[in-house]
1. Over region 135-221, calculate the relative contact order: mean separation of alpha carbon pairs under 8 Å at least 6 apart, over the residue count, as a percent.
2. Please give the FRET efficiency for residue 186 paired with residue 152, using the beta carbon to beta carbon distance and R0 = 41 Å, rounded to the nearest 0.05.
3. To the nearest 0.05, how large is the calculated FRET efficiency for residue 61 and residue 198 if R₀ is 22 Å and r is the Cβ-Cβ distance?
4. Would you please put 167-173, 10-16 in order of how densely packed they are, using the mean number of other Cβ atoms within 10 angstrom per residue and starting with the highest?
5. Per 0.36 nm of contour for each residue apart, how much would the distance between residue 213 and residue 53 grow if the chain were fully extended, relative to their Cα-Cα spacing?
6. Under 5 Å between amide hydrogens, which residues at least 5 positions from residue 27 or on another chain qualify, with H placed 1.01 Å from N in the peptide plane?
7. Given the Cα-Cα distance of residue 12 and residue 101 and 0.36 nm per residue of separation, how much length would full extension add, in nm?
8. Once you put a point 7 Å from the Cα of residue 24 and another 7 Å from the Cα of residue 38, both along the Cβ direction, what distance in nm separates them?
Amino acid sequence: MGLTGLFLIVFLIVHCSINSMIFFNDGGETFNHWGHFMGTNLIVRTMEIGLFAGLLLHIIQGLVVWAQNSKARPVKYKMNKASANSKWYSRSMGLLGTLLLMFLVLHIFHFWTPSRLGGIGDIRALEETTLATYNNQEALNLFAEMKLVFEDNLLIVVIYVLGVISLAWHLLHGFQSAFQTLGINHKRYTPIIKAAGIVFSIIVPLLFALMPVAFYMGWVK
Ligand code: HEM
């Protein structure tokens, strides 16, 4: 679980960095360039299979851990003051993960299916967005697609913001827990890993949240 978690953390760094290029406010030119590279590069496309497999494995591992934990203590503690020995988000990884999964299904239908499978998901979006031409090949203009999804859609913006808030809570526990699971527990380094985890769990979801908000507010055009 630690390994798949770390793999997903690396994916989030790449995804967030490329998406943040929309903040250059250059009509999506830089973002589309890199988005298109990620969508067509053979190595990246191969890794995409690993990404979906990793995501699935991470969910299955989570369910197994949850089942093992309930089996280990079928009779609940008579008195359990959980807040005294753990944070609520570490006890709610299942709930937060499920919220995240719901967000991801919607998210994949907004962007991944129109771009890869030609609009099985948000057909309205595909019909209205312009196609961009790269190396004489037509591809979905991902920046225009983002604008269309978020621009006049408060409900979608709210769902995305809630989705990344659950990501933040999920990471707040998951980041340092991944290192612990891999046996990296050191007097000097563990506090540094914990601090880095907190910074990561705030900065990355904040940048993600700013994306739909920026389109909705018209900060990015
Ligand atoms: C909130 C702001 C976000 C925006 C605007 C955004 C935008 C996008 C776009 C445009 C794509 C399509 C890329 C392509 O087709 O080449 C994509 C794919 C994807 N996103 Fe996001 N994303 C956001 C947040 C997230 C978060 C928080 C996660 C994970 C927790 C995530 C997971 C994914 C996955 C798994 C894919 C498919 C991967 C792939 O294309 O290979 N996204 N996103």
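1. 47 percent
2. 0.25
3. 0.40
4. 167-173, 10-16
5. 54.6 nm
6. The answer is 221.
7. On the way: separation 89, 0.36 × 89 = 32.04 nm, distance 1.47 nm.
In short, 30.6 nm is gained.
8. Each label point lies 7 Å from its Cα, and together they span 1.4 nm.
Each reported figure results from applying straightforward, stated rules to the coordinates on display, with no laboratory input. It should be emphasised that the depicted structure is a prediction, and the values quoted were computed from it without experimental measurement. Cβ: placed from backbone, ideal geometry, glycine included. Neighbour counts: every protein chain shown.
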